[in-house]
Amino acid sequence: MKRIFFICMLMLIVALISCAGADNAPNKTTNQIESEETAEVVKLNLPSLDFGGDEVCFLLVKESRDYYTSFEIYAEEQTGGLINDSVYSRNIVIEDLLNIKITGTWSLTAYADAGKALTADETTYDVVMTYMHDTISLAQQGFMMDLLALKYLDLEQPWWDQRANDNLMVNGKLFLTTGDLSILDKDCTMAIFFNKKMINDYELENPYQLVFDNKWTIDKVFEMGEAVTEDVNGDGKFNAEDQWGLTMASNAPHSMFFGAGERIAKNVNDELQIVMYNPRSADVLDKIFRHVENPLIYTNRIGDTSYATVNKMFLEGRAMIVTYAVVSYSDIKVRDAEFEFGILPYPLYEETQDDYNNFISTSLVASTSVPYNCRNTDMVGAALEAMAYYSTDTLKVAYYETALKTRYARDNESGEMLDIIFATRVYDMGYIYNWGGIGNLIENMYTSRRNTFVSEYQKIEEKVLTDMQKTISEFLAIK
């Protein structure tokens with residue numbers, strides 16, 4: 001009876017969430033509607049399980065900036081908050097379904113806490129959700145299980161991120177992943193925001209249409225940016241007090257590199273390889289840095305490109321295009337804008353490129369991993385599978401359909417842009433591992449204000465390959 005009650009409650013919440021955004025929901029195309037009508041409905045495939053009320057304890061990251069804290073796994077009580085109450089209701093259903101208790105421990109030092117506990121062979125945590133770069137370090141030390149070995153965990157299902165599974169695999173083993181049970185992987189996806197009023201005032205092309213027509217390219221972004229920059233205070237100098245068409249954060253050049261379809265490393269025939277050094281990647285970086293050197297583009301050559309400075313310029317209507325992450329969409333400072341704004345994917349290298357690509361800043365993405373000494377792998381595998389499955393119609397709906405698309409979006413097209421952004425996200429092992437400093441290479445070039453790609457890569461190549469092979473060997477040694 002308890003199970004039926006809470007499942008009904010969960011269905012009611014989902015319905016209310018969906019209805020809340022119905023009036024402002026973007027119009028669906030015929031293809032979208034046909035796709036949804038013909039899509040196969042995939043159900044949770046778990047047998048009847050009873051784990052006797054045992055506890056599944058999650059170690060969760062807490063950050064001084066709350067929007068990088070992992071709030072999507074555990075909620076102590078209902079608070080009236082959209083995400084909190086979706087998590088709370090989802091967990092109650094899963095607890096009843098499997099006869100378990102879901103708990104969470106937040107920590108500002110989650111990585112150190114995990115390392116200390118696992119070094120001592122303690123079974124304090126059943127699931128470790130540290131940031132990806134930290135989880136990789138723990139996995140290399142032999143502290144994490146291969147998720148593919150967990151019974152009841154079906155990572156091929158749509159509620160798990162298939163791009164994460166493919167891109168984070170090391171020689172056939174997967175030690176961390178993410179999916180619908182997480183939000184930070186979406187929040188930390190790089191994107192572009194723009195001031196619609198400035199676009200209209202300067203009679204520029206509609207960025208949304210450019211995206212749909214595959215004409216939203218690196219050249220087009222910089223061209224539009226140059227057209228708007230003005231010395232508004234008339235002092236003959238361009239600085240943070242002036243008006244800018246395009247501002248470039250420190251991570252924008254490497255986000256454009258990934259957006260162009262290039263990678264640092266990838267799995268080729270199940271073998272991890274460095275693929276960054278090739279003629280096309282050199283051409284991509286040459287194009288990016290030629291534009292970056294333009295004095296009409298606001299970069300670190302001109303002034304402070306920190307979020308605080310640039311966001312002030314954006315909110316004051318003095319920056320038309322800014323390079324943020326999706327998390328800025330829910331940042332109250334951005335939502336306070338008194339003008340209409342939109343969101344866009346990162347640009348293509350050229351119009352013939354097949355897909356948009358949007359890089360994930362994985363250093364602040366909490367990943368799902370299971371300690372090597374997990375005391376009940378069946379329970380943990382079943383709990384994670386159920387959490388990811390039920391998150392699709394609860395947490396994901398609350399975050400994606402209601403919060404992002406309805407509460408925060410200023411127009412229907414932004415929802416369509418978010419669909420494109422999230423469908424084309426990029427995880428890159430070379431960036432995460434940073435072998436020989438290769439993950440920092442492009443950002444360091446931006447800091448030094450010089451395109452030294454060829455010489456810098458050649459300088460570190462031997463160490464990059466040595467460090468990568470060491471990583472592979474360490475993982476191969478894990479039984």
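The values are calculated or read from the model by the stated rules, or taken from the named source; none is laboratory data. Because the structure is a prediction, the values reported are computed rather than measured. Neighbour counts run over all protein chains shown; Cβ positions are idealised from the backbone, glycine included. Side chains included, ligands, DNA and RNA excluded: accessible areas come from the protein's heavy atoms. Shrake-Rupley method; radii C 1.70, N 1.55, O 1.52, S 1.80 Å.
A few remarks follow.
- Conditions (1) under 17 Å from the mean Cα position of the chain (by Cα); (2) closer than 23 Å to Val284 by Cβ; number of the one not met by Tyr446: (1)
- The stretch 310-332, subset more than 23 Å from the chain's Cα centre (by Cα) and in contact (Cβ under 8 Å) with a residue 60 or more places away in the chain, residue surrounded by the fewest Cβ atoms within 10 Å (Cβ to Cβ): Gly317
- Residue count for the stretch 215-253 under the criterion of being open to solvent by 10 Å² or more (accessible area, probe 1.4 Å), part of a helix (DSSP H, G or I) and not basic (Lys, Arg): the result is 4.
- Taking the stretch 45-148 and the strands (runs of 3 or more DSSP E) fully enclosed by it, the elements with 2 or more residues that are open to solvent by less than 50 Å² (accessible area, probe 1.4 Å) and among the polar types (S, T, N, Q) are at 100-107.
- Test set (1) within 20 Å of Pro345 (Cα to Cα); (2) crowded, with 16+ Cβ neighbours inside 10 Å - Arg335 fails condition number: (2)
- Residues in the stretch 375-426 that are buried (at least 22 other Cβ atoms within 10 Å of the Cβ), touching a strand residue (DSSP E or B) at 6+ places or on another chain (Cβ under 6 Å) and in a loop (DSSP other than H, G, I, E, B): none.
- Some residue of the stretch 182-194 being open to solvent by 70 Å² or more (accessible area, probe 1.4 Å), out of contact with any strand residue (DSSP E or B) (no Cβ under 6 Å at 6 or more places or on another chain) and either part of a helix (DSSP H, G or I) or free of Cβ contacts under 8 Å to residues at least 12 places away in the same chain (or both): no
- Scanning the stretch 154-181 for residues that are under 18 Å from Glu72 (Cβ atoms) and open to solvent by less than 20 Å² (accessible area, probe 1.4 Å) turns up Trp159, Trp160, Ala164, Leu176, Thr177, Thr178, Gly179, Asp180, Leu181.
- Lone unmet requirement of (1) at pLDDT below 95; (2) part of a loop (DSSP other than H, G, I, E, B); (3) open to solvent by less than 10 Å² (accessible area, probe 1.4 Å) for Met276: (1)
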